[in-house]
Amino acid sequence: MAGAKEIRTKIKSIKSTQKITKAMEMVAASKMRKAQERMRAARPYANKIRNVISHLSHAYTEYRSPGLVERELKRVGLIVISTDRGLCGGLNTNLFKATINAMQQWRTQGIEIDVCTVGTKAFQFFRRLKGNVVAHVSHLGDAPRFEDVLGPVKVMADAFAEGRVDAIYLVYNEFVNTMSQKPKIERLVPVTAEVKDAAPAHHWDYIYEPDPKELIELLLRRYGESVVYQALVENVACEMASRMVAMKSASDNAGTLIDELQLIYNKARQASITQELAEIVGGAAAV
Amino acid sequence: MAMTLHVDIVSAEKELFSGAAEMVTAPGEMGELGILPRHSQLLTRLKPGQVRVKLQGGEEQLFYVSGGMLEVQPSMVTILSDTAERAKDLDEAAAQSAKQRAEQVIADHRSEFEYAQAKAELAEAIAQLQTIERMRKLRKSG
């Protein structure tokens with residue numbers, strides 16, 4: 001019975017792998033539900049503050065914050081949000097591909113890039129790429145807190161305020177549904193109205209209580225923080241969904257592999273029994 | 001039909017209110033603000049206190065905010081609060097004990113930082129208690 005033992009051990013090892021992937025799938029599924037809830041909870045605030053900021057960009061404010069004025073791009077800051085752990089399908093790879101494309105476009109225009117990474121995967125990737133990583137946070141866990149994003153946002157916001165970078169982009173995975181996540185590159189600052197001076201009749205400004213500068217800066221900072229936070233929780237939901245799907249297909253693949261091997265094993269066993277029988281019959285006939 | 005404005009109240013954790021209203025009253029940093037439809041654009045910071053939303057038909061809803069920002073556009077009001085609660089979800093006992101704790105710290109004259117923090121906490125607790133108080137009155141009269 002040649003190879004039967006090897007096949008048996010192979011089946012055993014695949015079965016234990018399947019057990020692991022199944023467990024991971026289940027864990028990811030339950031974590032995904034919680035992550036989705038957190039994502040949904042964070043969405044209204046981020047969306048509303050986006051609205052307010054877009055109103056602000058249409059206003060003719062008496063204080064022109066640097067966050068509202070377009071500058072010539074010499075250096076951009078990227079905040080890349082990735083996962084800490086792997087085994088989540090092509091999630092990070094797709095994100096990095098999209099990032100690289102954008103970076104190449106900037107490079108050809110002679111624009112330099114500073115990167116701030118969130119999550120170990122992005123850090124490893126950009127270090128290997130010899131990218132200019134200026135800040136890094138990782139191990140934020142499955143339930144990132146609002147305070148966690150303050151550090152990286154501050155590094156970038158300071159660089160922007162001091163004129164070291166001329167724009168800040170945020171790169172993260174957008175949660176479309178469980179089956180699909182989309183890499184997204186979004187510009188945080190400067191915030192500018194898409195339609196410029198289309199309606200000159202709308203020259204209006206806010207009434208500020210008390211001080212325009214303070215209020216606008218506060219609003220912009222809140223905006224940055226809440227949008228980055230929302231991206232972070234969204235990315236966690238993406239990670240869990242993507243891992244769940246990847247682990248499910250891994251379990252399924254393991255299942256088909258086991259079936260195939262089982263078939264080969266059974267055939268080998270049958271063949272050896274037939275051969276034995278033939279030998280016995282042959283031996284009896286000779287006597 | 002009376003003119004209305006669209007009101008959104010969101011906190012970092014959830015959306016509390018979204019809908020049409022006749023009037024909104026909010027605790028601005030420089031004083032209480034009453035906002036009616038067609039108000040001029042306005043931007044202000046909020047201090048801890050109560051937000052009252054008068055719905056169409058005169059019904060009033062009460063919220064507590066711990067601070068945040070308020071944006072007014074002629075036809076809409078957005079309140080971005082740090083934390084907010086519906087008045088009926090407020091816990092009077094918790095607010096009362098928070099108030100006492102804060103008063104204790106202030107009375108003890110501890111470090112500058114603690115003093116400032118305790119003061120902020122005290123303001124929040126008092127605002128919560130006032131909101132609860134007002135909700136009680138509304139219930140009695142209504």
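The values are calculated or read from the model by the stated rules, or taken from the named source; none is laboratory data. Just so it is clear, the model here is predicted, and its values are computed rather than measured. Ideal geometry is used to build each Cβ from the backbone, glycine not excepted, and the neighbour counts take in all protein chains shown. Surface areas here come from the heavy atoms of the whole protein model, side chains and all, with no ligands, DNA or RNA. Shrake-Rupley method; radii C 1.70, N 1.55, O 1.52, S 1.80 Å.
Brief remarks follow.
- Check on B:P74, touching a helix residue (DSSP H, G or I) at 6+ places or on another chain (Cβ under 9 Å) and either buried (at least 20 other Cβ atoms within 10 Å of the Cβ) or within 14 Å of chain A (Cβ to nearest Cβ) (or both): no
- Annotation note: Cβ proximity below 6 Å between a residue of the stretch B:8-23 that is within 16 Å of A:V52 (Cβ to Cβ) and a residue that is open to solvent by 20 Å² or more (accessible area, probe 1.4 Å) and assigned to a loop (DSSP other than H, G, I, E, B) (sequence gap 6+ or interchain) occurs for B:S11/B:T83.
- Unmet requirement for A:K31, which otherwise passes all of (1) in a helix (DSSP H, G or I); (2) within 14 Å of chain B (Cβ to nearest Cβ); (3) crowded, with 19+ Cβ neighbours inside 10 Å: (2)
- When residues in the stretch B:77-98 are screened for being open to solvent by less than 40 Å² (accessible area, probe 1.4 Å) and either over 17 Å from B:R139 (Cα atoms) or touching a Pro at 6+ places or on another chain (Cβ under 7 Å) (or both), 8 of them pass.
- Candidate set: the stretch A:45-75, residues that are surrounded by 16 or more Cβ atoms within 10 Å (Cβ to Cβ) and outside any helix (DSSP H, G or I); chosen: the one nearest to the other protein chains (Cβ to nearest Cβ): A:A59
- Scanning the stretch A:61-76 for residues that are touching a residue at least 24 places away in the same chain (Cβ under 8 Å) and under 20 Å from A:I216 (Cβ atoms) gives A:T61, A:E62, A:Y63, A:S65, A:P66, A:G67, A:L68, A:V69, A:E70, A:R71.
- Residues that are over 26 Å from A:R8 (Cα atoms) and open to solvent by 80 Å² or more (accessible area, probe 1.4 Å) were ranked within the stretch A:263-287; the one that is modelled with the lowest pLDDT is A:V287.
- Residue match in the stretch B:117-124 (condition: at pLDDT 85 or above and touching a Phe, Trp or Tyr at 6+ places or on another chain (Cβ under 8 Å)): no
- Residue under evaluation A:I79, criteria (1) away from chain B (no Cβ under 14 Å); (2) β-branched (V, I, T); (3) in a loop (DSSP other than H, G, I, E, B), criterion not met: (3)
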